[in-house]
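A.B. asks: Supplied in structure tokens, the structure appears directly below.
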Amino acid sequence: MWLACFGLASMSAWGVIQFDNRYYSPRNRERPIRKSTSLIILHTTEAPSRSALRKLSDLGECHYCIDEGGRVYRIIDHRREAYHAGRSMWNGRPNVDGFSVGIEVCGYHNKPLNAAQYRALADLIGEVKHIYKIPDHNVITHAHVAYGAPNKWHKRSHRGRKRCGMMFALPSVRNRLNLKSRPASDPDVKARRLVVGDTYLSQVLYGKGPAALAARPVAIAKEEGNVIVKGRSAWDIARDAYNDKTTLYTFPNGTKKFGNQIADFKQLPVGTRITVRADVQENRTETYQVVGVNGKAQDIAGDEARRPTTIYVRPDGKYVRGSQLSLEEIKKLPYGTKVLVGYSVGGPVTAKRLATAICGNRWRSPDTFFLIEGVLVPGNKVDDAKIPSGTMIFFKS
Ligand SMILES: [Zn+2]
């Protein structure tokens, strides 16, 4: 079939998939062409399309988005890089954005899609699989590939930073998407690059017991309790959003506090109810943690506290790598020190060495930081005409 050589764009002409280009992202022109494509990553927006589509388009955060009616929007050209996976790794390869196509579905990680969405998603997956020769077990979810840097709950880098899209791992759901297989285990946990940070999630993704095989999204939603009990901590319920100002804690005596008002998350009484805004939890951009606000420096960075890839930016604007400090010195870092875990240092920016030469296309990413006059400015907020000479850049390594 000669038409096939025109790729996806021409598919709409066949009437297989009717693409809607109304949210085609202005970011397209700045995104590089990927060198390889071996994964399809499925996401759930955790928000209705009326708010999700605008943001996805403005920030170029996926290649396609399927709304509640099954309409398929093109956001980023499928050959270019979309920023959809954040801190991610699969089979030892970091930065999954560099070798994957990202599809967002307007829905929730624990709720079933509607029939129109299942149909549209199955068709779209079929086309992308065909173009890039992707096997079924490489059609996975954001929850499979996202990982978190150490934090006060986990001393090591861990899987389970997000549950985004997790129900696409269920055999019952994959059947409806014509996917015949799924990954049997987590390759990065197996190789000890990461530890399990969310046992419930790994049960959903890889569980082999009868319960997991029968699991349906509806049953999953019921099991995801939001009350602290023995064996279910604030981390298990809220994960990255545990200390967010929009995460509400209702204590057994009726008092309420927000996540940013709580000091000791490990002493919360059993029976405390946690209300998390799903869109905040799943769509947050990873940022730095602050000593005193998010805990002690040694807890924030865990086992990575003394690595060269852990960067401490003191309140006076000077930075130091973890490998340059003793544990005693790390413990004495002042209140307000910002901590970046898993980062490379690049720079300085000069008239002859611009940000792109230092960290490539990551320079515009919201999780890349420019140290300008002592302040960390995220890549998506930096004014590229006004980056002072001498600026250092911290980007994900
Ligand atoms: Zn996601």
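The values are calculated or read from the model by the stated rules, or taken from the named source; none is laboratory data. This one's a predicted model, so the numbers in the text were calculated from it and none came from an experiment. Using ideal geometry, Cβ is built from the backbone for each residue, glycine included, and neighbour counts are taken over all protein chains shown.
A.B. asks: Filter the range 126-144 down to residues that are away from the ligand (no atom under 16 Å from the Cβ) and within 21 Å of the chain's Cα centre (by Cα) and give me whichever is nearest to Met89 (Cα to Cα).
C.D. replies: At the first step, the residues of the range 126-144 found to be away from the ligand (no atom under 16 Å from the Cβ) are 126-138.
Next, from what is left, pick out any that are within 21 Å of the chain's Cα centre (by Cα): 137-138.
Working: His137: 16, Asn138: 13 Å.
Among those that are away from the ligand (no atom under 16 Å from the Cβ) and within 21 Å of the chain's Cα centre (by Cα), it is Asn138.
A.B. asks: Name the one entry in Gly346, Gly374, Gly322, Gly342 that is more than 30 Å from Arg29 (Cβ to Cβ), surrounded by 13 or more Cβ atoms within 10 Å (Cβ to Cβ) and either in the same structural domain as Glu104 (by TED's automatic domain parsing) or more than 16 Å from the ligand (Cβ to nearest atom) (or both).
C.D. replies: The conditions single out Gly322.
A.B. asks: Between a first residue in the range 132-161 that is more than 15 Å from Arg192 (Cα to Cα) and of a type in the set (Gly, Ala, Ser) and a second residue that is within 16 Å of the ligand (Cβ to nearest atom) and in a helix (DSSP H, G or I), which pairs have beta carbons less than 9 Å apart while being 6 or more apart in sequence or on different chains?
C.D. replies: Filtered contacts from the range 132-161: Ala143/Met166; Ala143/Phe168; Ala143/Ala169; Ala143/Leu201; Ala143/Val204; Ala143/Leu205; Ala146/Val96.
A.B. asks: Considering only the range 88-109, state which residues are within 20 Å of Arg31 (Cβ to Cβ) and within 12 Å of the ligand (Cβ to nearest atom).
C.D. replies: From the range 88-109, those within 20 Å of Arg31 (Cβ to Cβ) are 88, 93-104; that's our starting set.
Those that are within 20 Å of Arg31 (Cβ to Cβ) and within 12 Å of the ligand (Cβ to nearest atom): Ser88, Val96, Asp97, Ser100, Gly102, Ile103, Glu104.
A.B. asks: Go over the candidates Tyr83, Tyr118, Tyr147 one by one and state the one that is away from the ligand (no atom under 16 Å from the Cβ) and either under 30 Å from Gly295 (Cα atoms) or part of a helix (DSSP H, G or I) (or both).
C.D. replies: The unique qualifying residue is Tyr118.
A.B. asks: Can Ile76 be described as crowded, with 24+ Cβ neighbours inside 10 Å, β-branched (Val, Ile, Thr), part of a loop (DSSP other than H, G, I, E, B) and on the phi < 0 side of the Ramachandran plot?
C.D. replies: In short, yes.
A.B. asks: Which one of these is aromatic (Phe, Trp, Tyr), out of contact with any Phe, Trp or Tyr (no Cβ under 7 Å at 6 or more places or on another chain) and modelled with pLDDT of 90 or more: Tyr206, Tyr200?
C.D. replies: Step by step, each of Tyr206, Tyr200 is checked, and only Tyr206 is aromatic (Phe, Trp, Tyr), out of contact with any Phe, Trp or Tyr (no Cβ under 7 Å at 6 or more places or on another chain) and modelled with pLDDT of 90 or more.
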